[in-house]
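Notes for the one structure printed next.
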Amino acid sequence: MKKVLVITYYWPPAGGPGVQRWLKFVKYLRDFGIEPVLYIPENPHYPLIDKSFESDIPDDIVIYKHPIWEPYRFASLLSKKKTERISSGIIQHKNQSILEQLMLWVRGNFFIPDARKYWVRPSIKFLYDVLDKEGISSIITTGPPHSVHLIGHYLKEFKKVTWLADFRDPWTSIGYHKKLKLTGIARNRHQELEHLVLNNADKIVVTSQTTKNEFQQLTRKPIHVITNGFDSVTPAKVNLDKKFTISHVGSMLSARNPENFWKVLSELVNEHSAFKAALELRFIGVVSEDILKSLKSFGLDNYLHVVGYVKHDEAVAYQRRSQILLLAEIDAPETVGIIPGKLFEYMAAARPILGIGPEDWEVAKLVADTKTGAIFDYRAHFQLKNVLLNWFQQYQKNALNVASNNINQYSRRELTRKLAEHI
């Protein structure tokens, strides 16, 4: 088998979406004649832990580890709660404390491209010998954190290797950058590093067509779109919730606040007694204070059930028995190409997907093509209300289902086959 070195920061027991993409690729790569060798940090600071992912690691996979120094450990001495929130991407829009503003400014302007930058130099020296020992001539880096790509860049400078850079998210165009209070110098440095990676990697993989289009303005290197996916389709028989549950799985950030949707729900509660009696809003994951306050302002706090973060298999179980699955993305031009990984698990759950996102969101085409739900922008009201009411009436008849189409193209194994063709 051809050996490839996969360099990734996120690996079990890390929880959340960042770990799943390459855990699943590694799980299936051998089926396509490729033997993955892993390189991960020895002592990482993961904001979320989910040991259930460890069951997907092949028993005899070769994994190399090297220590990493992360400033988040020291920042937590000032405020553990704020540090964990920032490191996991949860940033309050309103009422930021002076300490939180300072932490964001330091994060954005001193740690470029990110707070894992101090893993780059020791990793290059360590992996130089690993490549020789394992006889590896192909390497893969996956970001964020995008500092991981710099390891690939410098290894390629010193060794004769083919380098594939995988972008789970964009780099300088992602909305998160606007919140980091970047100076002009810091912003230019990010752009320089992005240009360096895109033009020195031999191959580039992205998760959306929008990101591919953006990157094609910056490089002539070959770019391939390989989305995220799901592992298995929901069994035929699942006991659905008795309540009219609308569930969101994953972090509900402050910027993902679809107030038009809360308004529609509030109207339906006031106009239909049956809807009022049946409704339950369920959040599985971290929910920002801004979202909770918004729900309360619309009188929906009595219908709210915040579960918090749970293991991945529990989250999947919640998805499969929910009546409706809510998907929300930030309403901004730079999020048009953001395709949340949970979308594909939502598809596999075989429950109607209700999405609220930016105008021309790439997710809308995927959902329309697979016939798995309905997507609206942040200004939608009457059409959104009609769809939701129609789904509720189907729920009352025990007939709320989706007839999905061609979702197998997003299975993890099929996506791994596609990846193997480009390695």
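The values are calculated or read from the model by the stated rules, or taken from the named source; none is laboratory data. Quantities reported herein were computed from a predicted structural model and do not represent experimental measurements. Here Cβ is always computed from backbone atoms with ideal geometry, including for glycine, and neighbour counts include all displayed protein chains. Side chains are part of the model used for accessible areas, which takes the heavy atoms of the whole protein and leaves out ligands, DNA and RNA. Shrake-Rupley method; radii C 1.70, N 1.55, O 1.52, S 1.80 Å.
Per-residue answers, yes or no, for (1) open to solvent by less than 10 Å² (accessible area, probe 1.4 Å); (2) free of Cβ contacts under 8 Å to residues at least 40 places away in the same chain; (3) polar (S, T, N, Q); (4) assigned to a strand (DSSP E or B):
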| site | (1), (2), (3), (4) |
| --- | --- |
| LEU327 | yes, no, no, yes |
| ASP331 | no, no, no, no |
| ILE339 | no, no, no, no |
| LEU354 | yes, no, no, yes |
| ALA364 | no, yes, no, no |
| ALA368 | no, yes, no, no |
Check your understanding: Any idea how many residues of the range 158-187 are of a type in the set (Val, Ile, Thr) and open to solvent by 50 Å² or more (accessible area, probe 1.4 Å)?
Key -> 3
**Study point:** From the options HIS190, HIS195, residue that is within 23 Å of PHE110 (Cβ to Cβ), part of a helix (DSSP H, G or I) and either open to solvent by less than 10 Å² (accessible area, probe 1.4 Å) or at pLDDT below 95 (or both)
**Key:** HIS190
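I need the strands (runs of 3 or more DSSP E) fully contained in the range 215-321, keeping only those with at least 2 residues that are hydroxyl-bearing (Ser, Thr, Tyr) and either open to solvent by 60 Å² or more (accessible area, probe 1.4 Å) or in contact (Cβ under 8 Å) with a residue 40 or more places away in the chain (or both). Lay out the reasoning, then the answer.
Working: elements: 223-225, 244-249, 279-284, 304-306.
Of the strands (runs of 3 or more DSSP E) lying wholly inside the range 215-321, those with at least 2 residues that are hydroxyl-bearing (Ser, Thr, Tyr) and either open to solvent by 60 Å² or more (accessible area, probe 1.4 Å) or in contact (Cβ under 8 Å) with a residue 40 or more places away in the chain (or both) span 244-249.
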Exercise for review: Go through ILE40, ILE61 for me and flag whichever is more than 21 Å from the chain's Cα centre (by Cα), closer than 27 Å to TYR309 by Cβ, modelled with pLDDT of 90 or more and surrounded by 15 or more Cβ atoms within 10 Å (Cβ to Cβ).
Suggested key: ILE61
Check your understanding: Filter the range 388-423 for residues that are in contact (Cβ under 8 Å) with a residue 60 or more places away in the chain and among the β-branched types (Val, Ile, Thr); which is most open to solvent (accessible area, probe 1.4 Å)?
Key -> ILE423
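Could you count how many residues in the range 69-84 are more than 20 Å from HIS312 (Cα to Cα) and either part of a helix (DSSP H, G or I) or modelled with pLDDT of 95 or more (or both)?
In the first step, residues of the range 69-84 are kept if they are more than 20 Å from HIS312 (Cα to Cα); the result is 69-83.
Now drop any that are not either part of a helix (DSSP H, G or I) or modelled with pLDDT of 95 or more (or both), which leaves 72-75, 80-83.
Count: 8.
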Exercise for review: Determine whether the range 255-267 contains at least one residue that is under 24 Å from VAL206 (Cα atoms) and at pLDDT below 95.
Suggested key: yes
Exercise for review: Output the number of residues of the range 114-143 satisfying the condition of being open to solvent by 10 Å² or more (accessible area, probe 1.4 Å), touching a residue at least 60 places away in the same chain (Cβ under 8 Å) and under 24 Å from the mean Cα position of the chain (by Cα).
Suggested key: 1
